[in-house]
Amino acid sequence: MFSRRKTDASPTVTPSDVTSTTTSGKGHPTPRRKEAEAANKRPLVPAGRTGNSKAVRAAERAAAKTRRDLEYQAMVTGDEAHLPARDRGPVRRFVRDYVDARRTMLEYMLPGVLGFLILQIVAQQVSSYAYLGILIAFYLFVIATVVDEVLLWRRLRKLLIAKFGPSTSMQGLVLYTVSRTSQIRRTRMPRPQVKRGEHPS
């Protein structure tokens, strides 16, 4: 009998509502793909800083060259202030002076090996006994070199403990000593600062 007028249940949508709905998730519109790619293509070096970076690299190269020159001069003169870290310190200075003040068999190992090779070639042309004799002499030379190096280190270790105390670190000093004694005196770096037979201070 009585009929009610049906009302429209859908609300009216305005443009402002669409904008607020779009930006409600992140607070700003989602950027498009092209915009995101353009933002990722920013240069690694900002504009105006290329010249500065070149100047910095040039200054670093100049500083490195100056440091190398100072280290080389220190290797020649023995200046402790500019020596490389490997050779710096009173303990290593004492090791170098001790080695440089005496002759060692290891110093002549390389020339000795070359000499024995030449003798072996000649001995092969003479007789097998001569070749065998040269070979035995070479092995005796190697054994004597090892014994001489062991005795040198034992004496040097006692001197280091007596001079710098029992708490002196011996880490790396054996290899440092062997490396020093294996070089011919005139080729050693840092250059020897003591004469043959001189007692290191």
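The values are calculated or read from the model by the stated rules, or taken from the named source; none is laboratory data. Worth saying up front: this structure is predicted, and the values here are computed from it rather than measured. When we count neighbours, we look across all protein chains shown, and the Cβ atoms used for this are built from the backbone with ideal geometry, even at glycine. All accessible areas refer to the heavy atoms of the entire protein, side chains included, with ligands and DNA or RNA removed. Shrake-Rupley method; radii C 1.70, N 1.55, O 1.52, S 1.80 Å.
If you take the residues in the stretch 99-115 that are among the hydrophobic types (A, V, I, L, M, F, W, C) and surrounded by 18 or more Cβ atoms within 10 Å (Cβ to Cβ), which one is nearest to PRO200 (Cα to Cα)?
Only one residue fits best here, namely VAL99.
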Problem set entry | Search result, residues across the stretch 161-201 that are of a type in the set (D, E, K, R) and not in a loop (DSSP other than H, G, I, E, B) | LYS163, ARG180, ARG185, ARG186
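Per-residue answers, yes or no, for (1) under 15 Å from SER182 (Cβ atoms); (2) in contact with a Ser or Thr (Cβ under 8 Å, 6 or more places away or on another chain); (3) among the hydrophobic types (A, V, I, L, M, F, W, C):
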{"residue": "PRO111", "(1), (2), (3)": "yes, no, no"}
{"residue": "PHE116", "(1), (2), (3)": "no, no, yes"}
{"residue": "TYR131", "(1), (2), (3)": "no, no, no"}
{"residue": "LEU135", "(1), (2), (3)": "no, no, yes"}
{"residue": "PHE141", "(1), (2), (3)": "yes, no, yes"}
{"residue": "ASP148", "(1), (2), (3)": "yes, yes, no"}
{"residue": "LEU152", "(1), (2), (3)": "yes, yes, yes"}
{"residue": "LYS158", "(1), (2), (3)": "no, no, no"}
{"residue": "ILE161", "(1), (2), (3)": "no, yes, yes"}
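Would you confirm, using the coordinates I've provided, whether SER169 is surrounded by 11 or more Cβ atoms within 10 Å (Cβ to Cβ) and either touching a strand residue (DSSP E or B) at 6+ places or on another chain (Cβ under 6 Å) or small (Gly, Ala, Ser) (or both)? Steps first, answer last, please.
Working: surrounded by 11 or more Cβ atoms within 10 Å (Cβ to Cβ): no; either touching a strand residue (DSSP E or B) at 6+ places or on another chain (Cβ under 6 Å) or small (Gly, Ala, Ser) (or both): yes.
Against the criterion (surrounded by 11 or more Cβ atoms within 10 Å (Cβ to Cβ) and either touching a strand residue (DSSP E or B) at 6+ places or on another chain (Cβ under 6 Å) or small (Gly, Ala, Ser) (or both)), SER169 does not qualify.
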Exercise. Among the listed residues THR104, THR66, which satisfies the condition of being part of a helix (DSSP H, G or I), farther than 14 Å from PRO190 by Cα and within 31 Å of the chain's Cα centre (by Cα)?
Worked result: THR66
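So which of ARG96, ARG154, ARG92 is in contact with a helix residue (DSSP H, G or I) (Cβ under 8 Å, 6 or more places away or on another chain) and open to solvent by 40 Å² or more (accessible area, probe 1.4 Å)? Break it down stepwise before answering.
On the way: ARG96 fails: open to solvent by 40 Å² or more (accessible area, probe 1.4 Å); ARG154 fails: in contact with a helix residue (DSSP H, G or I) (Cβ under 8 Å, 6 or more places away or on another chain).
Checking each option against the conditions leaves just ARG92.
Please specify each residue of the stretch 182-201 satisfying the condition of being within 16 Å of ARG93 (Cβ to Cβ) and touching a Leu at 6+ places or on another chain (Cβ under 8 Å). Walk me through how you get there before you give the answer.
Taking the stretch 182-201 and keeping what is within 16 Å of ARG93 (Cβ to Cβ), we get 188-195, 198-201.
Answer for the stretch 182-201, where residues must be within 16 Å of ARG93 (Cβ to Cβ) and touching a Leu at 6+ places or on another chain (Cβ under 8 Å): just PRO190.
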Exercise. Among LEU175, LEU119, LEU160, which is surrounded by 13 or more Cβ atoms within 10 Å (Cβ to Cβ) and closer than 27 Å to GLU71 by Cβ?
Worked result: LEU160
Exercise. Is it the case that GLN125 is assigned to a helix (DSSP H, G or I), loosely packed, with under 12 Cβ neighbours inside 10 Å and either more than 26 Å from the chain's Cα centre (by Cα) or of a type in the set (Ser, Thr, Tyr) (or both)?
Worked result: yes
